[in-house]
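Take a look at the structure set out below.
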Amino acid sequence: MTPALAINDLAIDFRSRRGHVRAVDGAALTAACGEVLGVVGESGCGKSTLGMAIGRLLAPGALRVTGDILVDGRSVFALDDDALRTLRAEELGFVFQDPIGTLDPTRRIGLQVKAALPGRGTDREVEAVLFEVGLSDAGRVARSYPHELSGGMAQRVSIGMALARRPKIVIADEPTAALDASIKSQILDLLTGRCRATGAVLILLSHDLHAIRKYSDRVAVMYGGRLVETGPSSIIFTRPAHPYTAMLLRASIADVPIGGRAEPIPGAPPVLEGRCERCSFAPRCEWTEQRCTAVRPEARFIAGREVVCHRAESVIAGVRAS
Amino acid sequence: MTAGIRIPFHGDPLAQAGTIALVVLVGFSIVGLTTNIFGSPTTLGGPALSVPGPGHALGTDQLGRSLMPRVVAGIHVTILLSAFAVMIAATIGSLLGLLSGYFKGLMDEIVPRLADLMFSFPAILLAIMISAILKPGTPSAIAAIVIVTLPVMIRVVRAATLTVAEQDFVIQARIAGAGLGRILALHLLPNVASVIIVQAAYSISFGMIIESGISFLGLGVQPPEASLGSLLHDGRVYLSVAPWLVFVPGIVLAITILSVNLVGDGLRRTIDPLIE
């Protein structure tokens with residue numbers, strides 16, 4: 001069976017006046033129907049670019065260098081304009097970070113939800129969508145303008161809009177980063193619940209490790225435009241095989257015991273100007289050895305997950321010296 | 001503020017004064033044009049260059065035409081001509097600004113450069129040039145105002161569009177399958193409309209300056225029609241013997257432009273309170 005989403009060796013550059021900057025550097029990923037796939041990584045690692053590329057919604061300066069994205073076995077880069085519009089409308093749903101910015105400030109909620117529905121959409125259908133996402137006062141919400149809603153309500157509306165046409169893939173880019181801590185889990189419960197109920201793949205892009213761990217079936221860790229470690233979240237969070245995953249876990253406050261200290265990862269993510277011919281994490285890694293700075297690591301299957309690291313075996317075993 | 005009635009520019013006396021002045025001026029010209037109580041602007045009614053008095057409230061000009069109806073007609077011509085020209089400029093400018101701000105890329109290199117090019121000519125000089133190329137007259141006055149106010153309109157709309165186009169709701173509309181026309185008309189235009197309205201108000205007052213300028217030089221509105229600028233043109237020769245021929249249209253013109261500007265400031269303050 002073809003996977004709902006398959007990303008093969010995808011590389012994306014951004015053209016700027018000073019040359020090309022590589023945002024995604026040979027990313028590979030698959031996702032099957034009904035699963036929640038968490039993608040974690042620092043700001044600037046290429047998460048959002050990867051998410052937008054699935055809908056071919058990249059900024060005009062972006063350039064696909066190699067690779068392909070297959071949605072239901074069809075390449076999104078091969079589609080003509082009409083087919084692309086159909087794909088976006090019927091098979092993809094997006095939920096963004098800023099819920100208020102996702103809604104047009106000059107239009108009533110009802111009208112905007114209607115635009116997300118198939119065909120012309122009726123008031124009854126609009127209210128059904130709003131009701132499904134836990135907005136019990138659907139009639140009033142439909143008549144409101146975005147500024148009259150709270151952030152949490154607006155995010156519920158945008159989840160409703162994203163799922164209105166029963167898409168196969170839902171991409172949520174930091175869906176709770178702009179919300180109060182108290183309603184984050186409500187929103188994630190709703191999002192994952194609705195996706196599971198409709199059988200959609202949920203690609204959850206986030207740097208909130210705690211949330212990813214709680215809600216994802218599988219996790220993909222992204223660094224330097226590559227997916228450096230991909231596998232079931234139970235395996236990856238307990239026995240990481242990539243040094244970056246291990247260091248991310250140690251830097252996450254939620255995983256530090258009381259009285260302990262979160263360890264920040266020194267340095268900053270790389271700015272690549274082309275294909276990285278070595279391990280892009282090597283300058284910040286405590287496991288670096290000579291081949292890490294000389295040879296680009298390729299993906300390998302080790303202990304139940306896919307990992308892009310020369311030293312994965314040692315990382316799992318916890319042997320630091322080479 | 002009473003229930004149901006909203007006073008325009010509440011708490012902004014300058015803008016209110018501007019609005020009142022504008023309403024009075026426009027009211028005067030409408031009443032004058034429809035009822036003829038001030039007399040006809042083109043009839044040769046009395047002795048030439050008579051002083052303001054009971055028969056001719058503002059005196060007469062060198063041909064014996066009563067000045068009052070001519071000023072009333074002039075207000076009408078000056079405001080309407082400028083407003084009409086600005087409407088054209090706003091339509092073209094909004095479209096180009098929206099496209100340029102939304103598409104970026106090559107489109108966004110060409111359109112603002114052309115606007116800059118037009119912007120680099122002194123406005124009145126450009127207006128004279130256009131009137132000279134076309135035949136002097138009302139159409140060339142309109143063309144001059146359009147071309148002079150267009151670059152600023154393009155720039156302002158483009159700048160506003162750049163920020164709006166970055167918003168996620170535009171992407172969300174594309175995801176929902178919206179085409180270019182739908183995105184421009186339903187999502188971008190309403191969100192930059194306030195900017196267009198404020199800029200249009202300023203453009204109208206600037207357009208009136210341009211119109212009076214070229215009409216004063218004899219390149220705009222042609223006799224026997226009157227605009228405030230052409231009245232200044234006609235009256236300038238008789239400044240020492242009949243100063244009212246220059247002062248009355250001049251003062252009316254100044255008040256009209258000032259009140260349009262005050263209304264523009266008021267609109268800007270209402271729409272974007274953070275500017276102050």
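Residues in the stretch A:90-112 that are outside any loop (DSSP other than H, G, I, E, B) and within 10 Å of chain B (Cβ to nearest Cβ): A:Glu90, A:Leu92, A:Gly93, A:Phe94, A:Val95, A:Pro99, A:Ile100, A:Gly101, A:Thr102, A:Leu111, A:Gln112. Looking across the stretch A:115-158, the residues that are within 12 Å of another protein chain (Cβ to nearest Cβ) and either outside any loop (DSSP other than H, G, I, E, B) or in contact with a helix residue (DSSP H, G or I) (Cβ under 7 Å, 6 or more places away or on another chain) (or both) come down to A:Ala115, A:Ala116, A:Leu117, A:Gly121, A:Pro146, A:Ala154, A:Gln155, A:Val157, A:Ser158. The residue that is farthest from the chain's Cα centre (by Cα), counting only those in the stretch A:69-89 that are of a type in the set (Lys, Arg) and part of a helix (DSSP H, G or I), is A:Arg85. Of the residues A:Pro270, A:Pro264, the single one that is touching a helix residue (DSSP H, G or I) at 6+ places or on another chain (Cβ under 7 Å) and outside any helix (DSSP H, G or I) is A:Pro264. Residues of the stretch A:169-200 that are in contact with a Cys (Cβ under 9 Å, 6 or more places away or on another chain) and surrounded by fewer than 20 Cβ atoms within 10 Å (Cβ to Cβ): A:Gly199 alone.
One residue is enough: does the stretch B:97-116 have a residue meeting the conditions more than 14 Å from every other protein chain (Cβ to nearest Cβ) and among the aromatic types (Phe, Trp, Tyr)? Within the stretch B:97-116 (the criterion being more than 14 Å from every other protein chain (Cβ to nearest Cβ) and among the aromatic types (Phe, Trp, Tyr)), the answer is no, since none of the residues qualifies.
If you go through the stretch A:55-68 and keep only what is under 15 Å from the mean Cα position of the chain (by Cα) and surrounded by fewer than 21 Cβ atoms within 10 Å (Cβ to Cβ), you end up with A:Arg56, A:Leu57, A:Leu58. Here the stretch A:295-322 is the region considered, the condition is being farther than 13 Å from A:Ala241 by Cβ and modelled with pLDDT of 90 or more, and the residue that is surrounded by the fewest Cβ atoms within 10 Å (Cβ to Cβ) is A:Glu298.
When each of B:Val248, B:Val252, B:Val221, B:Val198 is tested for being crowded, with 18+ Cβ neighbours inside 10 Å, farther than 30 Å from B:Pro136 by Cβ and touching a helix residue (DSSP H, G or I) at 6+ places or on another chain (Cβ under 8 Å), the lone residue that passes is B:Val198. Among the residues of the stretch B:174-195, those that are surrounded by 21 or more Cβ atoms within 10 Å (Cβ to Cβ) and at pLDDT below 90 comprise B:Arg174, B:Ile175, B:Ala176. Looking at the stretch B:59-81, is at least one residue surrounded by fewer than 16 Cβ atoms within 10 Å (Cβ to Cβ), farther than 29 Å from B:Gly181 by Cα, hydrophobic (A, V, I, L, M, F, W, C) and out of contact with any His (no Cβ under 9 Å at 6 or more places or on another chain)? Yes, that holds for at least one residue.
Within the set A:Leu227, A:Leu204, A:Leu209, the sole residue that is surrounded by 21 or more Cβ atoms within 10 Å (Cβ to Cβ), within 20 Å of A:Asp98 (Cβ to Cβ) and touching a residue at least 24 places away in the same chain (Cβ under 8 Å) turns out to be A:Leu204. With respect to B:Val241, is the statement that it is touching a helix residue (DSSP H, G or I) at 6+ places or on another chain (Cβ under 6 Å), of a type in the set (Val, Ile, Thr) and more than 20 Å from B:Pro122 (Cα to Cα) true? So B:Val241 fails the test. For the stretch B:40-50, the set of residues classified as out of contact with any His (no Cβ under 8 Å at 6 or more places or on another chain), more than 15 Å from B:Pro224 (Cα to Cα) and surrounded by 13 or more Cβ atoms within 10 Å (Cβ to Cβ) consists of B:Ala48, B:Leu49, listed by residue number. A search for C-beta distances below 8 Å between a residue of the stretch B:174-187 that is at the interface with chain A (Cβ under 7 Å from one of its Cβ atoms) and any residue that is among the aromatic types (Phe, Trp, Tyr), counting only pairs 6+ apart in sequence or on different chains, returns B:Ile175/A:Phe94; B:His187/B:Phe169. All conditions in (1) over 29 Å from A:Leu248 (Cα atoms); (2) buried (at least 17 other Cβ atoms within 10 Å of the Cβ) hold for A:Arg74, with the sole exception of (2). Checked against the criteria, B:Ser82 does not count as farther than 15 Å from B:Thr256 by Cβ, at pLDDT 75 or above, polar (S, T, N, Q) and part of a helix (DSSP H, G or I).
Scanning the stretch B:191-232 for residues that are touching a Pro at 6+ places or on another chain (Cβ under 9 Å) and part of a helix (DSSP H, G or I) returns B:Asn191, B:Ser212, B:Ile214, B:Leu228, B:Gly229, B:Ser230, B:Leu231, B:Leu232. From the list A:Asp25, A:Asp13, the one residue that fits, being part of a strand (DSSP E or B) and touching a His at 6+ places or on another chain (Cβ under 8 Å), is A:Asp13.
Going by what's in this entry, would B:Ile75 be described as touching a residue at least 12 places away in the same chain (Cβ under 8 Å), assigned to a helix (DSSP H, G or I) and within 30 Å of B:Leu162 (Cβ to Cβ)? It is false that B:Ile75 is touching a residue at least 12 places away in the same chain (Cβ under 8 Å), assigned to a helix (DSSP H, G or I) and within 30 Å of B:Leu162 (Cβ to Cβ). Quickly run through the stretch A:43-83 and pick out the residues that are within 14 Å of another protein chain (Cβ to nearest Cβ) and either over 18 Å from B:Gln172 (Cα atoms) or among the small types (Gly, Ala, Ser) (or both). Of everything in the stretch A:43-83, those that are within 14 Å of another protein chain (Cβ to nearest Cβ) and either over 18 Å from B:Gln172 (Cα atoms) or among the small types (Gly, Ala, Ser) (or both) turn out to be A:Ser48, A:Gly51, A:Ala53, A:Gly55, A:Ala59, A:Gly61, A:Ala62, A:Leu63, A:Val71, A:Leu79, A:Asp80, A:Ala83.
The values are calculated or read from the model by the stated rules, or taken from the named source; none is laboratory data. Note that the coordinates shown come from a computational prediction; the quantities given were computed from them, not determined experimentally. Positions of Cβ are generated from backbone atoms using ideal geometry, with glycine treated the same way; all protein chains shown enter the neighbour counts.
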